[in-house]
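Enquirer: One structure is given below, represented as structure tokens, and several questions about it will come after.
The values are calculated or read from the model by the stated rules, or taken from the named source; none is laboratory data. Since the structure is predicted, the reported quantities are computational estimates derived from the model, not experimental observations. Reconstructed Cβ throughout: ideal geometry from the backbone, glycine too, with neighbour counts over all protein chains shown.
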Amino acid sequence: MKNSKPLEKIKAFYSRLRARFKLSSRKSAKAKLDVSQEKLGFSRESTQSIAYSLLGNRTEWVLPLFKDLDVKLHKSGLKVNFKVYVSLTIFATLLVCAATLAVIPCLLFLVFNLPLLPAVLFGVGGSLFAYVFSTLAFYSYPIYRADTLKRDLEDELPFTTGYMAILASAGVSPERMFYSLSNLNVPLAVTPEAKDVIRDVNLFGSDIISALEETSKRTPSQRFRETIEGLITTIHSGGNLAAYLRQKSKEYMRLKRINLKKYSDNLSMLSEVYVTLLLTGPLFLVIMLVVMAMLGGGGFGILSPDLMLELLTYVGIPLGAIAFLVILDAVSPKW
């Protein structure tokens with residue numbers, strides 16, 4: 001027992017020393033990681049700020065090429081500066097092109113055993129395709145967002161004006177109406193617009209007329225713009241705000257019934273197109289290609305029947321279904 005006590009003390013001291021060493025090493029590793037993150041700018045800067053800090057002063061000659069994008073970006077609801085967005089577009093496009101130029105030749109050369117020169121040429125072609133695709137994607141995204149916001153606003157406009165008419169009938173002021181729209185339990189497409197109106201009034205010190213004028217300039221929906229302008233005129237003239245909103249609600253509800261009837265007709269036409277192109281057509285082609293493969297018939301140039309069947313099954317039909325879903329989403333009303 002006497003000989004075991006010094007041994008236990010030594011073991012306890014060794015365990016405390018080891019625990020302290022581990023703690024200090026973890027702290028130093030964490031400190032090194034924090035320093036490296038600060039050097040790379042990942043801890044405090046977002047991707048947009050990184051792109052702007054690198055390319056913001058070098059995009060002056062590119063901005064005229066994207067002059068139409070400024071209006072769409074303003075109407076899309078994206079809280080991004082035009083110059084920052086162009087810098088982000090160029091930065092992301094360069095990254096995608098560099099990654100494509102590096103990955104495709106390595107993949108073709110190392111995996112598929114393609115000669116080096118054709119692999120590099122394929123990489124250059126893929127990088128050019130990635131450049132075009134990335135630029136078009138960034139250019140089209142604000143347009144898509146603006147169109148989506150426009151459709152959502154117009155779909156909800158009968159209910160929005162009806163809700164505002166109820167508030168106006170109760171004697172609620174226009175500022176309180178938009179404050180109520182900005183704090184709905186179920187947010188609508190008009191909620192961000194109402195929040196911008198309240199922000200202009202409470203934070204920037206604008207009156208309700210100026211805030212509504214800015215909203216009418218910013219919105220992508222023509223109907224919502226007409227409603228806001230009529231609201232401004234009614235407030236200026238001291239007219240009956242509740243009667244105006246009730247009349248607009250009835251008008252938009254009638255238009256919505258007409259649009260739903262058109263959507264029903266379009267949906268029946270789209271169903272026929274879907275059955276023809278994505279059910280009957282592929283089935284006919286599959287039967288034809290299988291018969292050609294069984295009879296040993298030739299293909300179309302380098303495309304053999306087996307390859308054409310695989311392309312149709314794994315590429316043609318999925319891409320056709322995706323395109324049909326995009327078209328269906330574009331013509332479908334939200335309500």
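Enquirer: Could you go through segment 286-298 and let me know if any residue there is of a type in the set (Gly, Ala, Ser) and closer than 30 Å to Leu325 by Cβ. Spell out the reasoning first.
Expert: Step one: filter segment 286-298 for residues of a type in the set (Gly, Ala, Ser), giving 293, 296-298.
If we keep only those that are closer than 30 Å to Leu325 by Cβ as well, we get none.
Among the residues of segment 286-298, not one is of a type in the set (Gly, Ala, Ser) and closer than 30 Å to Leu325 by Cβ, which makes the answer no.
Enquirer: Among the listed residues Ala137, Ala146, identify the single one that is surrounded by 15 or more Cβ atoms within 10 Å (Cβ to Cβ), under 30 Å from Arg218 (Cα atoms) and not basic (Lys, Arg).
Expert: None of the others qualify; the one that does is Ala146.
Enquirer: May I pose another question? Can you pull out every residue in segment 188-221 that is free of Cβ contacts under 8 Å to residues at least 12 places away in the same chain and either surrounded by 13 or more Cβ atoms within 10 Å (Cβ to Cβ) or in a helix (DSSP H, G or I) (or both)? Before you say what the answer is, go through the steps one by one.
Expert: Applying the first criterion (free of Cβ contacts under 8 Å to residues at least 12 places away in the same chain) to segment 188-221 yields 191, 199, 202-207, 210, 217.
Once the filter is applied, which keeps residues that are free of Cβ contacts under 8 Å to residues at least 12 places away in the same chain and either surrounded by 13 or more Cβ atoms within 10 Å (Cβ to Cβ) or in a helix (DSSP H, G or I) (or both), segment 188-221 yields Thr191, Arg199, Asn202, Ser206, Ser210, Lys217.
Enquirer: If we scan segment 228-249, do we find a residue that is surrounded by 12 or more Cβ atoms within 10 Å (Cβ to Cβ), outside the structural domain of Arg145 (by TED's automatic domain parsing), under 30 Å from the mean Cα position of the chain (by Cα) and under 25 Å from Ala146 (Cβ atoms)?
Expert: Scanning segment 228-249, I find at least one residue that is surrounded by 12 or more Cβ atoms within 10 Å (Cβ to Cβ), outside the structural domain of Arg145 (by TED's automatic domain parsing), under 30 Å from the mean Cα position of the chain (by Cα) and under 25 Å from Ala146 (Cβ atoms), so the answer is yes.
Enquirer: Sticking with this structure for a sec: Is it the case that segment 65-81 has a residue that's among the small types (Gly, Ala, Ser), surrounded by 13 or more Cβ atoms within 10 Å (Cβ to Cβ) and at positive phi?
Expert: Scanning segment 65-81, I find at least one residue that is among the small types (Gly, Ala, Ser), surrounded by 13 or more Cβ atoms within 10 Å (Cβ to Cβ) and at positive phi, so the answer is yes.
Enquirer: Which residues, taken from segment 151-188, are more than 16 Å from Ser249 (Cβ to Cβ) and modelled with pLDDT under 90?
Expert: Scanning segment 151-188 gives Arg151, Asp152, Leu184, Asn185, Val186, Pro187.
To keep it simple, each residue is scored yes or no on (1) touching a residue at least 40 places away in the same chain (Cβ under 8 Å); (2) farther than 29 Å from Ala189 by Cα.
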residue	(1), (2)
Asp70	no, no
Lys75	yes, no
Lys83	no, no
Ser87	no, no
Thr93	yes, yes
Ala98	no, yes
Pro105	no, yes
Leu110	no, yes
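Enquirer: I'd like to check something: does segment 247-256 contain any residue that is assigned to a helix (DSSP H, G or I) and hydrophobic (A, V, I, L, M, F, W, C)?
Expert: yes
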